[in-house]
Amino acid sequence: MESLLASPAARPSPAPSAPGGAAQLRELAYAEIKRRIIGCELAPGAQVNEGGLGALLGLGRTPVHQALHRLEMEGLVAILPRKGIVVAPLSLDAVLDTIEVRACNEALCVRLAAARVRPDELAAMRALLDRAPALVAAGDVPALMALDLDFHGAIAAAARNRVLADLLRRLHEQQARFWFLTLSEPGHGARIRDEHEDILAALERRDPDAAAAAMRRHIDDFRRAITRAL
């Protein structure tokens, strides 16, 4: 029989306060399952089932079923005939391939952002990074991971290229579980904080070469950290 596996951090979500439409429930199921996969609450390689996930989320089988098929298309779960549903395992080869794609596109993105970023966007990035020291001191890995995603998302938005932003969003989400592992390494959270500061400083100077170099250092550090972790 299939089982629903999750880390102890996973907790049942309250059911929606109002019935809502089918699309709303489908989006809720998708967002909540994805959040648990990215945060490793649903462990890599874990076998799950629609009924167990529905009970966890307080939702019916239909929105969960639809959400799982969407997540399969994104490579976060595998739906296997006669075997059930499995959270995608972590693969070093896969993440290294993704890093190669990220490295090229992140450098382009931050170059565009250096030329196009608005003062209010720089201020929003600064507000994000100002939260990092307290999160590093507290060892709050989920919050640091969310901050990293938000910071990179803000850079992509400032680049003003929707195709590039969509590509990087998908790459970041695919790698988020690996960030979770590397952020658990002592000292890595502080290094990421410093790397983010270097990227933002270059953006504030509107220096595309320095921004791209800082981004490459950031991604190279991630490559080394994930190689150690796996």
| task | Please indicate, with yes or no, whether at least one residue in the range 148-155 is touching a Cys at 6+ places or on another chain (Cβ under 7 Å), modelled with pLDDT of 95 or more, surrounded by 21 or more Cβ atoms within 10 Å (Cβ to Cβ) and part of a helix (DSSP H, G or I). | result | yes
| request: Could you tell me which residue of the range 156-197 is surrounded by the most Cβ atoms within 10 Å (Cβ to Cβ), considering only residues that are over 20 Å from GLY39 (Cα atoms) and in contact with a His (Cβ under 8 Å, 6 or more places away or on another chain)? | output: HIS196
| task | Residue by residue through the range 115-133, note down the ones that are in a helix (DSSP H, G or I) and either more than 23 Å from the chain's Cα centre (by Cα) or of a type in the set (Lys, Arg) (or both). | result | ALA115, ARG116, PRO119, ASP120, ARG126
| remark: Only unsatisfied item for PRO119, checking (1) free of Cβ contacts under 8 Å to residues at least 24 places away in the same chain; (2) surrounded by fewer than 19 Cβ atoms within 10 Å (Cβ to Cβ); (3) within 21 Å of HIS188 (Cα to Cα), is (3)
| Which members of the range 178-190 meet the condition of being over 18 Å from ALA103 (Cα atoms) and either touching a helix residue (DSSP H, G or I) at 6+ places or on another chain (Cβ under 7 Å) or modelled with pLDDT under 80 (or both)? | PHE180, LEU181, LEU183, SER184, GLU185, HIS188, GLY189, ALA190
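The values are calculated or read from the model by the stated rules, or taken from the named source; none is laboratory data. No experiment lies behind these values; they were computed from the predicted model shown. Ideal geometry is used to build each Cβ from the backbone, glycine not excepted, and the neighbour counts take in all protein chains shown.
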